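A short worksheet on the structure shown next.
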Amino acid sequence: MQAGVLALQGGFEPHVAMLARLGVRAREVRSVEALREVTHLVLPGGESTTLHHLLGLFGMWDELRERHHAGKLALFGTCAGAILLGRGDGERPPRLELLDAVLARNAYGRQVDSFTRELDVLGQPMACTFIRAPRIVSVGPDVRVLARLGDDPVLVEAKGVLAATFHPELGHDPRVHERFLALETAQLSTQTP
């Protein structure tokens with residue numbers, strides 16, 4: 001397994017630091033060549049329209065989709081990264097549609113409306129920070145909800161994909177990143193060392 005963090009824009013450094021706390025040296029992914037070398041990729045928070053634009057500009061949009069569909073790439077999106085992984089609600093930017101979930105951008109308000117709330121995440125309390133967070137409006141039948149804020153899913157998982165509307169990388173609890181590292185895709189799970 002080789003983990004990477006998309007490092008084109010947004011809050012990628014805290015993800016690199018969290019993975020380092022888990023003993024994983026994550027590659028900062030800024031090119032198609034670097035993308036081809038990772039088996040697990042974090043799409044960080046930032047600005048989803050800008051991330052979409054940069055993924056296209058650097059030729060990584062199609063490569064990311066193809067590698068995931070081929071079972072060669074597990075994905076973890078936080079905030080803007082989660083928006084890109086899901087399906088659109090009619091708003092821009094276009095989405096990767098690799099997660100059967102509809103996400104609405106900035107659904108909890110503007111930057112000044114950011115908040116931290118303790119939630120039950122993977123069976124234990126965890127401080128979850130929401131910054132201009134998207135809302136998961138709906139999930140498909142194969143999407144597992146791992147945490148909620150009220151009735152809203154905030155951490156979901158499907159085959160080879162994990163998505164959080166909050167920022168686990170800004171806290172001290174590594175459980176969400178551990179869950180990401182444990183993701184397997186079809187091809188990864190059948191490979192032998």
ILE83, ILE131, ILE136 arranged by Cβ crowding within 10 Å, fewest neighbours leading: ILE131, ILE136, ILE83
Estimated inter-spin distance, GLU178 and ARG117, nm [label 7 Å along Cα→Cβ]: 2.5 nm
Would you order ARG67, ARG148 from fewest to most other beta-carbon atoms within 10 Å of each residue's own beta-carbon? ARG148, ARG67
Regarding the range 50-98, what are the three Cα extents along the principal axes, ordered largest first, in Å? 29, 20, 17
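List CYS79, CYS128 from most exposed to least, where exposure is judged by having the fewest other Cβ atoms within 10 Å. Each step should come with its number before you reach the end.
Working: CYS79 30, CYS128 26.
Final ranking by Cβ density, sparse to dense: CYS128, CYS79.
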The simple spin-label model distance between ARG25 and GLU37, using points 7 Å out along Cα→Cβ, in nm, is 1.1 nm
Can you tell me the FRET efficiency between THR50 and GLN124 if r is taken as the Cβ-Cβ distance and R0 is 35 Å, rounded to the nearest 0.05? 0.55
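Hey, how much of the P(r) for the range 3-190 falls beyond 22 Å, as a percent of Cα pairs? Write down the numbers at each step before the final one.
On the way: 6740 of 17578 pairs.
Summing the P(r) of the range 3-190 above 22 Å gives 38 percent of all pairs.
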In deg cm²/dmol and to the nearest 500, what is the mean residue ellipticity at 222 nm of the chain if only DSSP H runs of at least 4 residues count, each as -39500 (n - 2.57), divided by the residue total? -7000 deg cm²/dmol
As a test, work out the antiparallel percent of DSSP beta bridges whose residues both lie in the chain, rounded to the nearest 5. 55 percent
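Mind ranking 24-32, 38-46, 113-121 by how tightly packed they are, going by the mean number of other C-beta atoms within 10 angstrom, highest first?
Most protected by this proxy first, the peptides run 38-46, 24-32, 113-121.
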Length added when fully stretched, ALA70-ARG92, from 0.36 nm per residue minus Cα-Cα: 5.3 nm
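We did not get these values from a lab; they are worked out from the coordinates using the rules stated. Small disclaimer: the values here were computed from a predicted structure and weren't measured. Because the Cβ atoms are built from the backbone with ideal geometry, glycine has one as well, and the counts that use them run over all protein chains shown.
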